[in-house]
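The next block holds one structure in the form of structure tokens; read it before the comments.
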Amino acid sequence: MKVAIAGATGFVGSRLVERLQAEGHQIVAFSRSRERAEQLFPRTVFSNVEVVPYTPTTPGAWQQAVAGCDGVVNLAGEAIADGRWTESRKQEILSSRQLSTQNIVAAINQANPKPTVLVNASAVGYYGTSETATFDETSAAGKDFLAQVCQTWEAEAQKVKDSGTRLVIVRTGIVLGMGGALAKMLPPFKLFAGGPIGSGRQWFSWIHREDLVSLILQALTQTDMQGVYNGTAPNPVRMAEFCHVLGEVLNRPSWLPVPDFALEALLGDGAKVVLEGQQVLPKHTLADGLQYQYPTVKQALSEILAAG
């Protein structure tokens with residue numbers, strides 16, 4: 001296949017590029033920084049990767065690179081948990097997703113020949129937060145800021161169906177790997193100062209990066225896959241259990257809770273992501289046969305920390 005990836009240098013995108021390259025596919029890597037992309041994907045190793053610089057929120061010549069691709073994966077979007085949610089930051093979080101998806105869809109609609117599939121990221125924030133409810137792909141949307149962002153994001157992706165392109169939306173949970181969210185949680189544990197964040201009762205819906213990439217690859221190649229899939233592991237845990245297992249794997253205690261106010265001081269409204277959470281089950285994903293390599297938190301953390 002020939003696959004275009006928006007957000008190719010990110011935490012998930014870079015691993016997707018590696019696996020596509022290993023399988024012999026051609027990759028068009030859209031990146032805001034050609035230099036960063038070429039460092040990550042040197043030609044000597046990544047002979048199948050063509051780097052195309054772009055500004056995701058602005059239409060441009062980059063859109064022409066979509067023509068002739070079999071599939072497109074859109075992972076673009078500003079990080080949600082990096083810094084306080086000021087009004088301008090919230091606008092950035094929204095527009096980076098809405099406009100980048102709008103431009104990807106426009107590129108697909110204009111392409112000749114057209115890609116047959118778009119795999120578009122979304123997030124479990126779609127469902128809102130709850131300590132008691134369980135959500136799957138058929139659950140209604142929440143009403144908070146992140147739920148509204150996800151609805152707007154997905155509505156833009158839906159427009160690709162007008163041109164007959166198959167659409168798969170992957171609502172991702174917290175992605176675990178060496179880097180990402182886990183990298184921010186490790187330092188206190190390594191200093192023997194780790195513990196549950198907030199009440200510890202909030203749900204933590206997670207997925208190992210390898211399993212998420214496997215889901216995206218399956219969505220690209222399995223022509224009967226369409227609609228919404230939760231990119232989460234089948235065994236979500238409460239935050240206290242996650243931190244307990246993390247301490248166990250690191251052979252460190254997990255007793256010093258991180259109080260709500262400390263996170264709120266650091267992240268403002270963004271603290272909601274880790275303080276409230278939601279229990280999300282991948283019902284549709286399991287039904288379509290994804291074989292999870294890391295279905296439990298213990299398996300996932302043991303593999304990541306052994307490899308890291």
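The values are calculated or read from the model by the stated rules, or taken from the named source; none is laboratory data. Since the structure is predicted, the reported quantities are computational estimates derived from the model, not experimental observations. Cβ atoms come from the backbone with ideal geometry, glycine included; neighbour counts cover every protein chain shown. These area figures cover heavy atoms from the full protein model, side chains too; ligands, DNA and RNA do not enter into them. Shrake-Rupley method; radii C 1.70, N 1.55, O 1.52, S 1.80 Å.
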All but one of (1) in contact (Cβ under 8 Å) with a residue 12 or more places away in the chain; (2) closer than 17 Å to LEU118 by Cβ; (3) of a type outside the set (Val, Ile, Thr) hold for ALA193, so report the exception by its number.
(2)
Segment 272-308, residues that are over 17 Å from ARG238 (Cβ atoms) and either small (Gly, Ala, Ser) or at pLDDT below 85 (or both):
ALA287, GLY289, SER302, ALA306, ALA307, GLY308
Going through segment 232-275 one residue at a time, which ones are open to solvent by 50 Å² or more (accessible area, probe 1.4 Å) and touching an Asp or Glu at 6+ places or on another chain (Cβ under 8 Å)?
LYS272
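Of all residues in segment 204-226, how many are modelled with pLDDT of 95 or more and either buried (at least 22 other Cβ atoms within 10 Å of the Cβ) or within 21 Å of VAL273 (Cα to Cα) (or both)?
In the first step, residues of segment 204-226 are kept if they are modelled with pLDDT of 95 or more; the result is 205-226.
Cutting the leftovers down to either buried (at least 22 other Cβ atoms within 10 Å of the Cβ) or within 21 Å of VAL273 (Cα to Cα) (or both) gives us 205-209, 211-213, 215-216, 219-220.
Going through segment 204-226 one residue at a time, the tally reaches 12.
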Quick one: in segment 130-176, of everything that is without any contact (Cβ under 8 Å) to a residue 40 or more places away in the chain and of a type in the set (A, V, I, L, M), which residue is least open to solvent (accessible area, probe 1.4 Å)?
ALA147
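So which of ALA107, ALA61 ends up being closer than 28 Å to ALA4 by Cα, open to solvent by less than 30 Å² (accessible area, probe 1.4 Å) and more than 15 Å from the chain's Cα centre (by Cα)? Before the answer, list the steps.
Values: ALA61 fails: open to solvent by less than 30 Å² (accessible area, probe 1.4 Å).
Going through ALA107, ALA61 in turn, just one is closer than 28 Å to ALA4 by Cα, open to solvent by less than 30 Å² (accessible area, probe 1.4 Å) and more than 15 Å from the chain's Cα centre (by Cα): ALA107.
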Return only the number of the condition from (1) of a type in the set (Phe, Trp, Tyr); (2) assigned to a strand (DSSP E or B); (3) surrounded by fewer than 22 Cβ atoms within 10 Å (Cβ to Cβ) that TYR229 does not satisfy.
(3)
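Have a look at ALA8, ALA37, ALA29, ALA4 and point out the one that is in a loop (DSSP other than H, G, I, E, B) and open to solvent by less than 70 Å² (accessible area, probe 1.4 Å). Break it down into steps so the answer makes sense when it comes.
Values: ALA37 fails: in a loop (DSSP other than H, G, I, E, B); ALA29 fails: in a loop (DSSP other than H, G, I, E, B); ALA4 fails: in a loop (DSSP other than H, G, I, E, B).
Criteria check complete, one pass: ALA8.
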Every listed condition ((1) under 20 Å from the mean Cα position of the chain (by Cα); (2) open to solvent by 10 Å² or more (accessible area, probe 1.4 Å); (3) of a type outside the set (Asp, Glu); (4) at pLDDT 95 or above) holds for LYS184 save (4)
Mind checking whether some residue in segment 127-143 is in a helix (DSSP H, G or I) and either under 15 Å from the mean Cα position of the chain (by Cα) or of a type outside the set (Phe, Trp, Tyr) (or both)?
no
